[in-house]
């Protein structure tokens with residue numbers, strides 16, 4: 001009789017998500033060459049492999065996800081440029097040096113006043129506001145040139161486009177994440193499909209099998225049990241370190 005796979009259910013719920021991902025990545029890869037030699041396991045293993053791949057993909061996606069700070073940085077940059085443009089228009093409208101500047105400043109100030117509160121809008125509204133503001137200002141390119149504002153407006157357009165591209169990427173990632181499921185949900189699903197594979201292997205180990213199939217089952221069982229032992233040792237070491245830290249931080253009782 002072949003050995004059974006055991007001790008994995010509790011382990012997989014206690015190790016970290018990163019360790020869970022690595023465990024399944026290694027287990028699926030390690031037993032794949034032998035599953036083709038075992039009748040009755042192919043469908044369950046295919047499901048487990050698909051769940052493992054989804055879990056791995058989601059883990060990698062989250063590891064590479066764009067931090068909120070990057071989005072905030074781009075938003076602050078476009079806010080700063082917007083305020084700079086409006087402030088300069090206000091200045092020239094207040095202190096024109098000639099009749100030409102008076103008329104040019106009047107046209108630009110009308111636009112600036114319409115979009116003055118853009119930095120206070122939410123992300124999506126501000127993006128739209130600035131796009132319209134930039135379009136309106138560019139219709140008076142000659143007026144912008146009088147005050148040397150064309151390059152500043154071009155910079156704002158780049159910053160707004162950069163922000164929008166990053167924002168859409170983040171939104172797209174969130175939508176895709178909803179469809180794929182959260183990382184913990186995917187880990188739970190992968191643990192469940194792994195459990196089915198283990199149950200099938202354990203059930204087959206009780207049956208009379210030909211030599212090739214028995215050898216393949218022994219390879220699967222041996223590899224998985226090796227994984228379980230390895231990750232159990234890692235978990236216990238981690239818990240030992242944590243427990244040791246807690247003890248060292250606990251003051252001894254007086255009178256002991």
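The values are calculated or read from the model by the stated rules, or taken from the named source; none is laboratory data. Since we're looking at a predicted model, the values are computed, not measured. When we count neighbours, we look across all protein chains shown, and the Cβ atoms used for this are built from the backbone with ideal geometry, even at glycine.
Can you find a residue in the range 111-118 that is at pLDDT 95 or above, in a helix (DSSP H, G or I) and in contact with a helix residue (DSSP H, G or I) (Cβ under 7 Å, 6 or more places away or on another chain)? For the range 111-118, residues at pLDDT 95 or above, in a helix (DSSP H, G or I) and in contact with a helix residue (DSSP H, G or I) (Cβ under 7 Å, 6 or more places away or on another chain): present. Considering the range 164-194, and only residues there that are more than 30 Å from residue 78 (Cβ to Cβ) and exposed (fewer than 13 other Cβ atoms within 10 Å of the Cβ), the residue that is modelled with the lowest pLDDT turns out to be 179. With the condition kept exactly as written, say whether any residue in the range 26-42 is outside the structural domain of residue 123 (by TED's automatic domain parsing), surrounded by fewer than 17 Cβ atoms within 10 Å (Cβ to Cβ), in a helix (DSSP H, G or I) and modelled with pLDDT under 90. No - not one qualifying residue is present in the range 26-42.
Filter the range 37-62 for residues that are touching a residue at least 24 places away in the same chain (Cβ under 8 Å) and under 15 Å from residue 200 (Cα atoms) and give the result. Scanning the range 37-62 gives 37, 38, 39, 40, 41, 44, 45, 47, 48.
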